[in-house]
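The structure appears right after this line, and notes come after that.
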Amino acid sequence: MRQLEFGIIMLLLIVSGSHTEAQNTTAAGGNSFNYTIQGDSLACTLEAKTNGWIGVGFNDKNSIVNSDLLLFNIIDGIAFSTDLYVKGVGNPQKDSVLGGANTIRKLNGIEKDGITNVKFTIPLRSGDPFDFEHRFNAPYWLILAYSVEDDFSHHSRVRNHVPFKLEVSK
């Protein structure tokens, strides 16, 4: 019986300690995106040289249409976010309006010396039909953007589409 208990404890330690972690940074057009895989989530840092909103999007195709778009701004020292799905060119809609949910968690940020920096967590697979399902080592597109205004309805000043792969290392 003791051997069985010991075996179960060891199995639990192995399983709980075996979450995958990786870290990677991608930069384009004055934006940088950094992630760490923590269990079933992506812990992300997004930064751009602006006092306006900054954003990151995910899509299987090199297109803003049908992308999962996350926008962030800092107002009076407080970080805000919106989780959008882009139905068509110029037509991003909140996931919550479409029947999904804002799945951005653990949000904080700072705006200093013309640079906006936010840290946030998103699930790898939220189950929300308007969120991107992040797959390991599969190619997709990362969309990095920023605006000169905090208003999320203000168009981006810079938007870059970057080939991307969520890499895993043990």
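Report whether or not Ser96 is open to solvent by 40 Å² or more (accessible area, probe 1.4 Å) and either of a type in the set (Lys, Arg) or assigned to a loop (DSSP other than H, G, I, E, B) (or both).
For Ser96, the condition - open to solvent by 40 Å² or more (accessible area, probe 1.4 Å) and either of a type in the set (Lys, Arg) or assigned to a loop (DSSP other than H, G, I, E, B) (or both) - is not met.
Provide a single number: the residues in the range 132-150 that are touching a residue at least 40 places away in the same chain (Cβ under 8 Å) and open to solvent by less than 30 Å² (accessible area, probe 1.4 Å).
8
Could you list all residues from the range 151-162 that are in contact with a Ser or Thr (Cβ under 9 Å, 6 or more places away or on another chain) and either open to solvent by 60 Å² or more (accessible area, probe 1.4 Å) or not in a strand (DSSP E or B) (or both)? Don't jump to the end; show me each part of the working.
Initial filter on the range 151-162 (in contact with a Ser or Thr (Cβ under 9 Å, 6 or more places away or on another chain)): 152, 154-158, 161-162.
Result: Phe152, His154, His155, Ser156, Arg157.
With the checklist (1) in contact (Cβ under 8 Å) with a residue 40 or more places away in the chain; (2) surrounded by fewer than 20 Cβ atoms within 10 Å (Cβ to Cβ); (3) of a type in the set (Phe, Trp, Tyr) in hand, flag the one item Phe80 doesn't pass.
The single condition Phe80 does not satisfy is (1).
If you check Gly114 against the conditions, is it touching a Lys or Arg at 6+ places or on another chain (Cβ under 7 Å) and either polar (S, T, N, Q) or surrounded by fewer than 20 Cβ atoms within 10 Å (Cβ to Cβ) (or both)?
Judged against the criteria, Gly114 is a match.
Identify, from the list Lys165, Lys112, the residue that is of a type in the set (Lys, Arg) and closer than 21 Å to Gly52 by Cα. Break it down stepwise before answering.
Details: Lys165 fails: closer than 21 Å to Gly52 by Cα.
So the residue among Lys165, Lys112 that is of a type in the set (Lys, Arg) and closer than 21 Å to Gly52 by Cα is Lys112.
Trp53 versus (1) open to solvent by less than 30 Å² (accessible area, probe 1.4 Å); (2) modelled with pLDDT under 95; (3) not charged (D, E, K, R): which is the lone unmet condition?
Result: Trp53 fails condition (2) only.
Quick one: would you say Gly30 is under 17 Å from Phe80 (Cα atoms) and either surrounded by 18 or more Cβ atoms within 10 Å (Cβ to Cβ) or over 15 Å from the mean Cα position of the chain (by Cα) (or both)? Show your work before the answer.
On the way: under 17 Å from Phe80 (Cα atoms): no; either surrounded by 18 or more Cβ atoms within 10 Å (Cβ to Cβ) or over 15 Å from the mean Cα position of the chain (by Cα) (or both): yes.
Spelling it out, it is not the case that Gly30 is under 17 Å from Phe80 (Cα atoms) and either surrounded by 18 or more Cβ atoms within 10 Å (Cβ to Cβ) or over 15 Å from the mean Cα position of the chain (by Cα) (or both).
From the list Gly90, Gly127, Gly109, which one is free of Cβ contacts under 8 Å to residues at least 40 places away in the same chain and either open to solvent by less than 20 Å² (accessible area, probe 1.4 Å) or in a strand (DSSP E or B) (or both)?
Gly109
With respect to Ser153, is the statement that it is among the small types (Gly, Ala, Ser) and modelled with pLDDT of 95 or more true?
Judged against the criteria, Ser153 is not a match.
Just wondering, is there one or more residues in the range 66-76 that are of a type outside the set (Phe, Trp, Tyr), under 19 Å from Phe164 (Cβ atoms) and assigned to a loop (DSSP other than H, G, I, E, B)? Walk me through it before giving the result.
The first filter runs over the range 66-76 and keeps only residues of a type outside the set (Phe, Trp, Tyr), leaving 66-71, 73-76.
This time we only want the ones that are under 19 Å from Phe164 (Cβ atoms), so: 66-71.
With the extra rule that they be assigned to a loop (DSSP other than H, G, I, E, B), the set shrinks to 66-67.
Within the range 66-76, one or more residues are of a type outside the set (Phe, Trp, Tyr), under 19 Å from Phe164 (Cβ atoms) and assigned to a loop (DSSP other than H, G, I, E, B).
Find all pairs meeting these conditions: Cβ atoms under 7 angstrom apart; at least six residues apart or on different chains; first residue within the range 20-35 and over 20 Å from Phe136 (Cα atoms) and at pLDDT 85 or above; second residue assigned to a loop (DSSP other than H, G, I, E, B) and open to solvent by 40 Å² or more (accessible area, probe 1.4 Å).
Gly30/Lys49
The values are calculated or read from the model by the stated rules, or taken from the named source; none is laboratory data. This one's a predicted model, so the numbers in the text were calculated from it and none came from an experiment. In this analysis, Cβ positions are derived from the backbone assuming ideal geometry, glycine residues included, and neighbour counts consider all displayed protein chains. Please note that ligands, DNA and RNA were not included when accessible areas were found on the heavy atoms of the full protein model with its side chains. Shrake-Rupley method; radii C 1.70, N 1.55, O 1.52, S 1.80 Å.
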